[in-house]
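For reference, the structure discussed in these notes is given below.
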Amino acid sequence: MFTPSLRQLGLSLTLTSLLSLMGCATSPSAVAAEGIHVSGRGAVETVPDMGKVQLHARREGNDPAALERELAGVVSALLKVTATLQIDATDVTATALRIQPRYQRRGEDMEVNGVIATRSISITLRKLSDFPSLLEQALAAGINNVDPIALDSSIRKELEAQALDQAMADAIARADQVARGFSVLRGELVDVQVSGHSASPRMAMQEMRADSGATMAPGVIRIENQVQATFTIARR
């Protein structure tokens, strides 16, 4: 009976490992999928009918308690404004008080010289026509910083579905075009990836005049979807 030596066993294991690695290197999973690789895009534009705005009240001083009371008054006044405009309470969110040190330079050093207190309020507007009035009354209530309004659509999900349908149809059309160019046929779908993207909506504010009143032209928002698809190649 033949008994291999340790050296022979080592050689055998080495060859086995090498063949195994070679097999892995040429396995189908290590090779990029063959086929027709295409991308498809779809986009839908719509006039926005809602938006979200962030309002901020900032105060500086040496007495944190006094600043807190002042900012609480601003928030209370703003909540009365939203109630007057019939904005649902669930669409209004007020953050907690934020206090941070205020610094000033003295020679080569920075030293604390009071505090900065901030309250922020997030409001979802279901009627964009309320925005000019909200802005005017918020400033009068003590708000001193307003972020650009983020416009949106109440039917976003439906629009995203439309954009996806367009993207899939575009991918199929591209795959068919490539197949015809190479005198082959588009086969089965073997891989697909979907990525959605909504371009940042932009709001156009018309010039405010005392004789014409404040108006807003919301423009449009563009909702996009994209797919990456791979089809097999079928012979004619």
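The values are calculated or read from the model by the stated rules, or taken from the named source; none is laboratory data. In this text, all values refer to a predicted model and were calculated from it rather than measured experimentally. Cβ sites come from the backbone with ideal geometry, for glycine too, and all protein chains shown count toward neighbours.
Of note, D130 does not satisfy the criterion of being under 29 Å from G219 (Cβ atoms), of a type in the set (D, E), out of contact with any Pro (no Cβ under 8 Å at 6 or more places or on another chain) and loosely packed, with under 15 Cβ neighbours inside 10 Å.
The rows are residues; the columns are (1) more than 27 Å from P218 (Cβ to Cβ); (2) at pLDDT below 95; (3) of a type in the set (G, A, S); (4) surrounded by fewer than 16 Cβ atoms within 10 Å (Cβ to Cβ).
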{"residue": "L67", "(1), (2), (3), (4)": "yes, no, no, no"}
{"residue": "A72", "(1), (2), (3), (4)": "yes, no, yes, yes"}
{"residue": "A83", "(1), (2), (3), (4)": "no, no, yes, yes"}
{"residue": "I123", "(1), (2), (3), (4)": "no, no, no, no"}
{"residue": "A138", "(1), (2), (3), (4)": "no, no, yes, no"}
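Inspection of segment 127-140 finds a residue satisfying the criterion of being of a type in the set (D, E) and farther than 30 Å from N225 by Cβ. Evaluated against (1) among the aliphatic types (A, V, I, L, M); (2) surrounded by 10 or more Cβ atoms within 10 Å (Cβ to Cβ); (3) modelled with pLDDT of 65 or more; (4) part of a helix (DSSP H, G or I), V44 falls short on exactly one condition, (4). Considered as a group, the residues in segment 128-166 that are in contact with an Asp or Glu (Cβ under 8 Å, 6 or more places away or on another chain) and part of a helix (DSSP H, G or I) include one that is farthest from R59 (Cα to Cα), and that residue is A163. Among the residues making up segment 151-190, those that are surrounded by 17 or more Cβ atoms within 10 Å (Cβ to Cβ), out of contact with any helix residue (DSSP H, G or I) (no Cβ under 9 Å at 6 or more places or on another chain) and within 26 Å of D91 (Cα to Cα) are D152, L159, E160. There is no residue in segment 108-122 that is touching a residue at least 40 places away in the same chain (Cβ under 8 Å), under 26 Å from D152 (Cβ atoms), not hydroxyl-bearing (S, T, Y) and not in a strand (DSSP E or B).
Note on segment 56-81: residues that are in a helix (DSSP H, G or I), charged (D, E, K, R) and within 12 Å of I143 (Cα to Cα) amount to 1.
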